[in-house]
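Student: Please read through the structure below; I'll follow up with questions.
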Amino acid sequence: MKLPRQFFQPLAIGAPSPLRELPIRLERMIHFVPPHVEKMRAKVPELVRQVDVVLGNLEDAIPVEAKEAARKGFIEMGRSVDFGQTGLWTRINALNSPWALDDIIEIVGTIGNKLDVIMLPKVDGPWDIHYLDQLLAQLEARHKIAKPILIHAILETAQGVNNVEAIASASPRMHGMSLGPADLAASRAMKTTRVGGGHPEYKVLADAAGEGPRAAYQQDLWHYTVGRMVDACAAAGIKPFYGPFGDFSDAAACETQFRNAFLMGCLGAWSLHPSQIAIAKAVFAPDPAEVAFARKILEAMPDGAGAVMIDGKMQDDATWKQAKVLMDLAKLVAAKDPDMAAKYAL
Ligand code: GLV
Ligand code: MG
């Protein structure tokens, strides 16, 4: 185990010091762009004003013959666009692929000072994070990168789920983690062809009671994994995210999946289609009624201690902390979104 004193040391001479606290940023949606498609790249300057994070995808869904073009397109996009407060991320190819090394070397060497986060797919254990951590430190030193590039892992293998706590705490470079339900389903031999969401056959039946059909209740296939991911991330002080929802025609199901993840502790999700941007905006911001109630708690208990009754409900130090989670997020949303600021009376 790495000793506490060494944990925050740069891994290469000349690399920037690792962050002790993650930057506080609103990341309701990580919007995926295929950077080899010129038409899509042309939309990025406009996209930057609509989303919290723009991600250039180099991995799955990019055809093998377009891998180099996607990398070049991403670098071009990173160079030419002013991202302002919007995050610039890339999803590189998996570490065992023929492209990962050049993805990392070429991107850090060219736009390393603009890149915020590298999303690493198919993370099996902390060893994957350690490898990328060391390589990034060497490249940051070589290219005089001013701030450390963070790592976001995709939780999408059975082995990764087994090692989720070790992955979350593998490095101070860890930004967070996203659930990857498509690869995870394949890795676990789950019997579904869907990308996220429920399955009509994963359900419980109400008890048999005389005649008539028995009620059936569909269950959430991802509840267990999201729960494990949220606990691992919260314990390590990093951010959990729901990943992709593949059925673009079913906005209601997408919204429900995103909301379950939000209520359980996730901070955002991927948007793979423009229609999912608005869904993520609506879901990953607290409900104004909840914020109004949170305000009542915070005002009734200014020092966060003791117990009071509000609208017949008991409040104490723990509900004060819950209220603070909601209010802090509301303030972050309000700072970026004047409509929401008005709804929150902030
Ligand atoms: C995402 O990468 C997934 O496999 O779901
Ligand atoms: Mg995947």
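The values are calculated or read from the model by the stated rules, or taken from the named source; none is laboratory data. All figures in this text were calculated on a predicted structure; none of them were measured in a lab. Cβ sites come from the backbone with ideal geometry, for glycine too, and all protein chains shown count toward neighbours. Surface accessibility is based on the protein's heavy atoms, side chains included, excluding ligands, DNA and RNA. Shrake-Rupley method; radii C 1.70, N 1.55, O 1.52, S 1.80 Å.
Student: Within the range 137-148, is there a residue that is under 21 Å from ILE30 (Cβ atoms), touching a strand residue (DSSP E or B) at 6+ places or on another chain (Cβ under 9 Å) and surrounded by 20 or more Cβ atoms within 10 Å (Cβ to Cβ)? Show your work before the answer.
Tutor: Going through the range 137-148, the residues under 21 Å from ILE30 (Cβ atoms) turn out to be 147-148.
Subset that is touching a strand residue (DSSP E or B) at 6+ places or on another chain (Cβ under 9 Å): none.
There is no residue in the range 137-148 that is under 21 Å from ILE30 (Cβ atoms), touching a strand residue (DSSP E or B) at 6+ places or on another chain (Cβ under 9 Å) and surrounded by 20 or more Cβ atoms within 10 Å (Cβ to Cβ).
Student: Here's another thing I want to ask about it. Quick one: how many residues across the range 14-62 are free of Cβ contacts under 8 Å to residues at least 24 places away in the same chain and more than 25 Å from PHE262 (Cα to Cα)?
Tutor: 5
Student: Enumerate the helices (runs of 4 or more DSSP H) found wholly within the range 107-202, keeping only those where 1 or more residues are more than 16 Å from ligand 1 (Cβ to nearest atom) and not aliphatic (A, V, I, L, M). Spell out the reasoning first.
Tutor: Values: elements: 126-142, 158-162, 164-168, 181-187.
Qualifying helices (runs of 4 or more DSSP H): 126-142, 158-162, 164-168.
Student: Among the residues of the range 268-296, how many are open to solvent by 10 Å² or more (accessible area, probe 1.4 Å), over 28 Å from ARG41 (Cβ atoms) and in a helix (DSSP H, G or I)?
Tutor: Matching residues across the range 268-296 total 7.
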